[in-house]
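A.B. asks: Supplied in structure tokens, the structure appears directly below.
The values are calculated or read from the model by the stated rules, or taken from the named source; none is laboratory data. Model, not experiment: these values are computed from the prediction. Cβ placement follows ideal geometry from the backbone for every residue including glycine, while neighbour counts extend to all protein chains displayed. Areas reflect the complete protein model, heavy atoms only, side chains present, ligands, DNA and RNA absent. Shrake-Rupley method; radii C 1.70, N 1.55, O 1.52, S 1.80 Å.
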Amino acid sequence: MPKLSDLLVPAPLRKTPKPGEAGVPKTPAPQNLKDEPPEQQTEYGRLGEKALEAPTEALAWVDQRMAASGFLTGMLFRKVPKGTNWFYTLGSATLIAFIVQAITGVFLAMFYTPSTTQAYTSIAHINNDVFLGQFVHGMHKWGASVMVILIFLHMARTFFFGAYKYPRELNWVIGVVLLILTMTMAFTGYLLPFDQRSYWASIVGININGTGPIVGPYLSDFLRAGPEVGATTLSRFYAIHMLLLPGAIIALIGAHMYLVVKLGTTAPPWTKADKPRVAEPTTNLEAGVSGNGYRPGGASTIAGVQLDTSPGDGTAHA
Ligand code: HEM
């Protein structure tokens with residue numbers, strides 16, 4: 001486990017650095033402080049030092065009661081396999097897209113009214129009158145597409161890198177549910193502006209759901225919430241969009257992340273696992289070569305057994 005910065009370690013638990021280490025002078029401080037007061041011993045300096053320590057002390061106070069630093073260190077300083085690349089950032093990018101949607105959604109909910117007569121005008125009010133309203137609305141609207149694109153790219157990465165295989169099948173299944181919930185998020189959000197496009201697109205979407213086998217008709221009835229798309233449909237879509245789905249997605253992302261940390265990241269498929277280390281004799285008598293018998297990129301023999309000593313890529317996991 002990597003060493004925690006001294007600043008984050010509570011004062012009573014900190015190791016006293018030896019002379020010459022961590023800013024401690026090699027020569028001892030003057031004995032008579034009255035004659036030669038060092039700068040930090042003045043009242044002013046002491047206050048400044050205390051002020052600097054205050055946030056750390058506060059963190060340490062919380063940590064002594066929560067013991068969260070061990071968990072956080074384990075989470076933030078995990079080992080990752082060699083050869084990871086930009087494709088591995090797609091999951092985190094999806095997470096950021098979700099967080100942006102959640103934050104902008106909260107601000108939109110402050111001004112949006114889920115009623116068939118006021119929904120459209122409340123959106124127009126957000127766009128035309130509210131400070132930064134059009135910007136926040138635009139971020140939420142385009143952010144939805146960004147999240148859908150990123151989630152598909154992330155799924156493609158995990159598929160093509162074989163990350164769905166043992167022991168990560170459960171994380172794949174959680175991912176599939178996250179994908180369905182994200183698509184449902186996009187679908188239920190589309191109706192909310194209640195303009196001509198969202199109204200007719202939602203009717204098409206509800207009817208497509210109705211063509212599904214067995215549960216299809218029940219699903220479309222549930223979504224329509226009555227014989228026609230109307231006030232109840234809008235309220236239902238709004239509740240699903242801003243309460244049910246975000247809650248479920250947050251819980252599932254928590255489980256998804258727990259498994260990512262617990263199981264470690266899959267190494268890229270083109271990297272080779274480290275070969276088990278075998279003790280080699282200093283002199284290979286049988287082959288008649290001195291040294292450990294290693295030939296770069298080739299195979300060595302120990303007592304007639306072929307060993308592939310070509311350097312392999314490590315796949316260290318947390
Ligand atoms: C809200 C949606 C999602 C979020 C926020 C999310 C987030 C993440 C993050 C941050 C990681 C670790 C970094 C990485 O490998 O990219 C990860 C890994 C993983 N995700 Fe997702 N993910 C989501 C959806 C999905 C979907 C739709 C699938 C597949 C159907 C999926 C399957 C996986 C798998 C199998 C791993 C392990 C990858 C490995 O071990 O290399 N995730 N996810």
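A.B. asks: Hey, does region 225-232 have a residue that's more than 20 Å from Tyr120 (Cβ to Cβ) and either touching an Asp or Glu at 6+ places or on another chain (Cβ under 8 Å) or assigned to a helix (DSSP H, G or I) (or both)?
C.D. replies: So far as region 225-232 goes, no, none of its residues is more than 20 Å from Tyr120 (Cβ to Cβ) and either touching an Asp or Glu at 6+ places or on another chain (Cβ under 8 Å) or assigned to a helix (DSSP H, G or I) (or both).
A.B. asks: In region 200-215, which residue that is more than 34 Å from the chain's Cα centre (by Cα) and assigned to a helix (DSSP H, G or I) is surrounded by the fewest Cβ atoms within 10 Å (Cβ to Cβ)?
C.D. replies: Restricting to residues being more than 34 Å from the chain's Cα centre (by Cα) and assigned to a helix (DSSP H, G or I), the top hit is Val204.
A.B. asks: Give me the pairs: first residue in region 143-170 and more than 21 Å from Thr104 (Cβ to Cβ) and open to solvent by 70 Å² or more (accessible area, probe 1.4 Å), second residue part of a helix (DSSP H, G or I) and more than 9 Å from the ligand (Cβ to nearest atom), beta-carbon distance under 9 Å, and six or more apart or on different chains, which are they?
C.D. replies: Pairs found: Leu170/Ala255.
A.B. asks: Would you mind stating whether Ile250 is in a helix (DSSP H, G or I) and within 16 Å of the ligand (Cβ to nearest atom)?
C.D. replies: Spelling it out, Ile250 is indeed in a helix (DSSP H, G or I) and within 16 Å of the ligand (Cβ to nearest atom).
A.B. asks: Further question: Please work out which residue is modelled with the lowest pLDDT, limiting yourself to region 36-81 and to residues that are hydroxyl-bearing (Ser, Thr, Tyr) and surrounded by 12 or more Cβ atoms within 10 Å (Cβ to Cβ).
C.D. replies: Thr73
A.B. asks: State whether the residues of region 102-125 include one that is in contact with a Pro (Cβ under 9 Å, 6 or more places away or on another chain), in contact (Cβ under 8 Å) with a residue 12 or more places away in the chain and surrounded by fewer than 16 Cβ atoms within 10 Å (Cβ to Cβ).
C.D. replies: Yes, region 102-125 contains at least one residue that is in contact with a Pro (Cβ under 9 Å, 6 or more places away or on another chain), in contact (Cβ under 8 Å) with a residue 12 or more places away in the chain and surrounded by fewer than 16 Cβ atoms within 10 Å (Cβ to Cβ).
A.B. asks: Sort through Trp142, Trp172 and tell me the only one that's away from the ligand (no atom under 16 Å from the Cβ) and part of a helix (DSSP H, G or I).
C.D. replies: Every option except Trp142 fails the conditions.
A.B. asks: Of all residues in region 82-101 being among the small types (Gly, Ala, Ser) and surrounded by 14 or more Cβ atoms within 10 Å (Cβ to Cβ), which is nearest to the ligand (Cβ to nearest atom)?
C.D. replies: In this case the residue turns out to be Gly91.
A.B. asks: Which of (1) in a helix (DSSP H, G or I); (2) at pLDDT below 65 does Leu4 not meet, given it meets every other one?
C.D. replies: (1) is the only condition that Leu4 fails.
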